[in-house]
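Have a look at the structure below before the remarks.
The values are calculated or read from the model by the stated rules, or taken from the named source; none is laboratory data. Just so it is clear, the model here is predicted, and its values are computed rather than measured. Cβ sites come from the backbone with ideal geometry, for glycine too, and all protein chains shown count toward neighbours.
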Amino acid sequence: MKPIENLIEIEGLLENLLKKNHKGGILRIKVLYFCYLYQNLSVSMIIDKLGIKKTNFALMSRELEDEGCITIKKSDMDRRCRMIEVTEKGMTEIENFIKKLDSNIGATSIEVDSAIEVICKFLNRIV
């Protein structure tokens, strides 16, 4: 199998794994996690990192904000930019998701950990 075919297969398998471990939908956890991971980035930069449509992000972020998982405010540096902050409730949801996922995956070998790290670095350079 070519590397690109492997990446497509990995993406599909990861999507299924994440769906299995979160009842609220994969988009919800992706948006919440990326908001947590990139708290110092503007909304448009987070959307670019996620690779989703602005409307999908807007709907999900509005839902997360209504539920008290995130707050959205204007940047102090540039009033045109909106910044997202993950609340305690949002952090708890992320932590619970990660714990559940971790318990399903279990311990991995050093080789697997290293391979995952290499793939992540590679994809971050490309994207």
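Scanning region 40-62 for residues that are modelled with pLDDT under 85 and out of contact with any helix residue (DSSP H, G or I) (no Cβ under 9 Å at 6 or more places or on another chain) yields a total of 3.
Whether any residue in region 19-36 is under 19 Å from LYS74 (Cβ atoms) and within 14 Å of the chain's Cα centre (by Cα) is what I want to check. Checked against the condition, which is being under 19 Å from LYS74 (Cβ atoms) and within 14 Å of the chain's Cα centre (by Cα), region 19-36 yields at least one hit. Collect the residues in region 68-93 that are surrounded by 15 or more Cβ atoms within 10 Å (Cβ to Cβ) and charged (D, E, K, R), keeping them in residue-number order. ARG82, GLU93, listed by residue number.
Only residues that are touching a Phe, Trp or Tyr at 6+ places or on another chain (Cβ under 6 Å) and under 19 Å from GLY24 (Cβ atoms) were counted in region 41-72, giving 2.
Restricting attention to region 62-109, the residues that are under 17 Å from TYR38 (Cα atoms), assigned to a helix (DSSP H, G or I) and of a type in the set (Asp, Glu) total 4. Considering region 42-67, the residues that are surrounded by 13 or more Cβ atoms within 10 Å (Cβ to Cβ) and either of a type in the set (Lys, Arg) or in contact (Cβ under 8 Å) with a residue 40 or more places away in the chain (or both) include one that is nearest to GLU11 (Cα to Cα), namely LYS49.
Per this entry, GLU15 is not counted among residues that are exposed (fewer than 12 other Cβ atoms within 10 Å of the Cβ), within 24 Å of PHE97 (Cα to Cα), within 16 Å of the chain's Cα centre (by Cα) and acidic (Asp, Glu). Does any residue of region 97-119 turn out to be more than 26 Å from ASN16 (Cβ to Cβ) and under 15 Å from the mean Cα position of the chain (by Cα)? Among the residues of region 97-119, not one is more than 26 Å from ASN16 (Cβ to Cβ) and under 15 Å from the mean Cα position of the chain (by Cα), which makes the answer no.
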